[in-house]
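> Here you go, one structure.
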Amino acid sequence: MKNKKTRIMRISVQAAISIFLLLILILYNLYTSELIDFKLLSVGDLNPYGGWNSLKESVTDSSYEFEGISRSMALTIAILVAAIVGGRFFCGWICPVGAMQDLSSWIGNKAGIPRYKGVGKKLFFNPLYIKYPILLAVLMLSILGYGAYLAELSPWRALLNIPKLVSAYKEMWIGFLVMVAIIICALIVPRFFCKFLCPLGAAQTLLSSFSILTLKHNKGCGGCNKCLETCPVSIKISKDDENISPECIRCMDCIDNCRITTDISLGLKMGKRKISPKAYAAMTMLLFFVVWLGMPKLWGGSTMVSGIALNNLKDGVYQGEAKGFAARIITEVRIEGGKIADIKVIDHHESKGWYEEVFMILPKEIIRKQRIEADVISGATKTSKGFIKSVESAVRKAVDTEI
């Protein structure tokens, strides 16, 4: 009889993280609407793809200077570190897109919708490999500067904007449609997106091949695969390799599920030492959150300062522009009495959920300091820098060179 303790523990963790995520997003939306004056985290802090965009700039931008590790960068690093240590733990326990698919699959099962398990078995190619070309395409297109276009397709971005669905749908309808398609596919094929399409899952799978904490089957295992009948990613035991496939999302439903003997056919090990599912989950989750929340505390912080002196400014209204994350950010700066009196954003194409805090906080900070100096908003680095440079462009036109 199957031991359900591990499954209950995982579902509890998924539910707790999902509820906490929803709370974070609701508070953030109230914060950017200026209804409350505090937040727990920004939407940008929860986006690992934004972290990749920042990390790739350190390699591809010749003018790049290290300005600290943002939470989104740390999130990307935490996911990859967790994969090296414990395999695709993030996919199975923490990822909200994964939890969304598990819920959809459970609903499909309760509704009696037939499961299709033949995907990837008898085709001329294995669909499991599709996510690797997608990963390569995402990396290459991002490096070439098309990250904003890729963001339109992101179900992750759409998920983070669910609390403002009505206002956000027009700007990111493609992402919402992708998210709905994932939910529908998961009704029939469990973890469809994780198995075949997710580039983040592909990156973790590559690193899972070297994971320290591994899932192995005992030497006495006959390889009947009964314990893996309900595996959400449809992996199988190989008699040629005692390690389970790196595609495994570490849901651990197979643990203690041997139907043939009273011995455990599958178990978590660190080298030759056995690790309990509870210890594994605790260690990997602690590592993930320490890296994600700890790195920005140690190496965080980024302030952008302009060299323009605001001593000799002519009164008037001036426009400036600069490249943000997606396209040009055009600002209008009003100078009164030789000082910056107002800053407005006239036009932009930045991502919903990311630009609101930048356009709310940075103008106030610049006006208060009367210097073009502001702390870059975590998770929205490109938008923050583009906004500040746009203001700088406008203020340059107001400098009285005749004095």
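> Has region 375-382 got any residue that is over 27 Å from V166 (Cβ atoms), outside the structural domain of L150 (by TED's automatic domain parsing) and either in contact with a Lys or Arg (Cβ under 9 Å, 6 or more places away or on another chain) or not acidic (D, E) (or both)? Show your work before the answer.
Start the filter on region 375-382 by keeping residues that are over 27 Å from V166 (Cβ atoms), which leaves 375-376, 381.
Imposing the further condition that a residue be outside the structural domain of L150 (by TED's automatic domain parsing) reduces the set to 375-376, 381.
In the following step, the residues that additionally are either in contact with a Lys or Arg (Cβ under 9 Å, 6 or more places away or on another chain) or not acidic (D, E) (or both) were identified as 376, 381.
Yes; the residues of region 375-382 include at least one that is over 27 Å from V166 (Cβ atoms), outside the structural domain of L150 (by TED's automatic domain parsing) and either in contact with a Lys or Arg (Cβ under 9 Å, 6 or more places away or on another chain) or not acidic (D, E) (or both).
> To continue, here is another question. State whether one or more residues within region 35-52 are modelled with pLDDT of 90 or more, in contact with a helix residue (DSSP H, G or I) (Cβ under 6 Å, 6 or more places away or on another chain) and surrounded by fewer than 15 Cβ atoms within 10 Å (Cβ to Cβ).
Yes, region 35-52 has at least one match.
> Please identify the pairs in which a residue from region 17-37 that is on the phi > 0 side of the Ramachandran plot has its Cβ atom under 8 Å from the Cβ atom of a residue that is surrounded by 12 or more Cβ atoms within 10 Å (Cβ to Cβ), counting only partners at least 6 apart or on another chain.
Here the result reads E34/M360, each pair linking region 17-37 to a residue that is surrounded by 12 or more Cβ atoms within 10 Å (Cβ to Cβ).
> Pairs under 9 Å by beta carbon, first residue surrounded by 19 or more Cβ atoms within 10 Å (Cβ to Cβ) and modelled with pLDDT under 90 in region 274-299, partner among the polar types (S, T, N, Q) and assigned to a helix (DSSP H, G or I), six or more apart or different chains?
Qualifying pairs under 9 Å: P277/T6.
> If a residue has to be crowded, with 20+ Cβ neighbours inside 10 Å, in a loop (DSSP other than H, G, I, E, B), at pLDDT below 85 and touching a Ser or Thr at 6+ places or on another chain (Cβ under 9 Å) to count, how many in region 199-244 make the cut?
Total satisfying the criteria: 3.
> Looking only at residues in region 340-363 that are among the charged types (D, E, K, R) and outside any helix (DSSP H, G or I), which one is surrounded by the most Cβ atoms within 10 Å (Cβ to Cβ)?
Only one residue tops the list, namely E350.
The values are calculated or read from the model by the stated rules, or taken from the named source; none is laboratory data. Predicted, not measured: the structure shown is a model, and the values here were computed from it. Reconstructed Cβ throughout: ideal geometry from the backbone, glycine too, with neighbour counts over all protein chains shown.
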